[in-house]
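The block underneath contains the structure these notes are about, expressed in structure tokens.
Bear in mind these aren't lab numbers, they're just calculated from the coordinates by the rules spelled out. Since this is a predicted model, take the numbers as computed values, not measurements. Note that each Cβ is placed from the backbone with ideal geometry, even for glycine, and that neighbours are counted across all protein chains shown.
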Amino acid sequence: MDTRSVILERAAELLASSSSGDVSTRAVCEAAGVGQPVLYRLFGDKDGLLAAVVDRVWDEYLSMKRAARASADPLEDLRRGWDNHTAFALAHPHAYRLLFGGALASMPEAVDEAMGLLRGILERLAAQGRLRMPPEDAARFVMAANSGVSLGLILRPDSYPDPSISTDARDAAFRAILADTDDSEPGGADAAGVAATTLRAHLTESDALTAGEKALMREWLERIRRRRRAD
């Protein structure tokens with residue numbers, strides 16, 4: 001194992017066992033058997049070290065998501081993704097707080113990858129006509145809701161003693177982004193908006209339009225969707 005990997009492993013162990021959710025560079029160097037100049041040369045500063053530790057811890061979670069087989073129902077994949085996210089947060093509270101609690105000046109790469117995997121599921125839902133907003137908007141909404149309830153469970157356990165609140169929050173969040181059957185049918189309250197989102201999801205894989213035509217179509221569809229919401 002190279003020096004960088006040893007430092008990350010020892011730092012991750014110290015973070016997981018920390019009562020405060022913090023570690024000192026001195027303790028990490030002592031555990032890894034290296035001098036502080038080596039740590040700073042590899043990671044820049046403490047913030048860079050912690051960002052790398054968070055990426056290392058979260059790579060375990062993301063590797064499971066990368067390897068997961070998509071089911072026939074993207075909504076079931078979305079539910080499973082939410083529940084796995086909350087479970088991992090509770091199992092790794094300090095790393096989770098660093099990632100989603102705004103405690104780091106430099107954002108770990110794990111955030112972008114997690115958002116990308118979430119968008120992939122939502123794009124499948126949009127293509128099936130089951131999403132009332134663009135996948136990128138839905139992804140931000142779901143991630144904010146999922147991370148918010150997870151942080152509440154971690155940081156305020158006395159206020160949120162029952163972890164099942166995550167399931168209730170999940171179902172409420174999904175109701176906000178998913179198209180109701182009545183809405184998506186002709187004449188429904190949001191039929192035009194749902195149709196615009198669905199058609200927009202199919203533009204990427206279409207070969208019938210040029211890149212410029214697709215961009216123009218997306219603009220038109222977004223205008224339709226926003227006008228329906230304003231009405």
About the Cα centre of the stretch 1-44, what is the dipole size in debye to 20, counting +1 per Lys and Arg Cβ and -1 per Asp and Glu Cβ, all else neutral? 140
Expected vector for the stretch 84-97, Karplus 3J(HN,Hα) from phi with 6.51, -1.76, 1.60 and θ = phi - 60°, integer Hz, x for Gly and Pro, equals 5, 4, 5, 4, 5, 4, 5, 7, 10, x, 6, 5, 5, 4
Give, in nm to one decimal, the length gained when the segment between residue 87 and residue 64 is fully stretched (0.36 nm per residue of separation minus the Cα-Cα distance). 7.0 nm
For a test of the definition: using alpha carbon positions, the gyration tensor, and the 1.5 limit on a/c, classify the stretch 1-44 as rounded, prolate or oblate. prolate
Would you pull out the residues with amide H under 5 Å of residue 131's amide H, same chain only if 5 or more places away, H placed 1.01 Å from N? 179
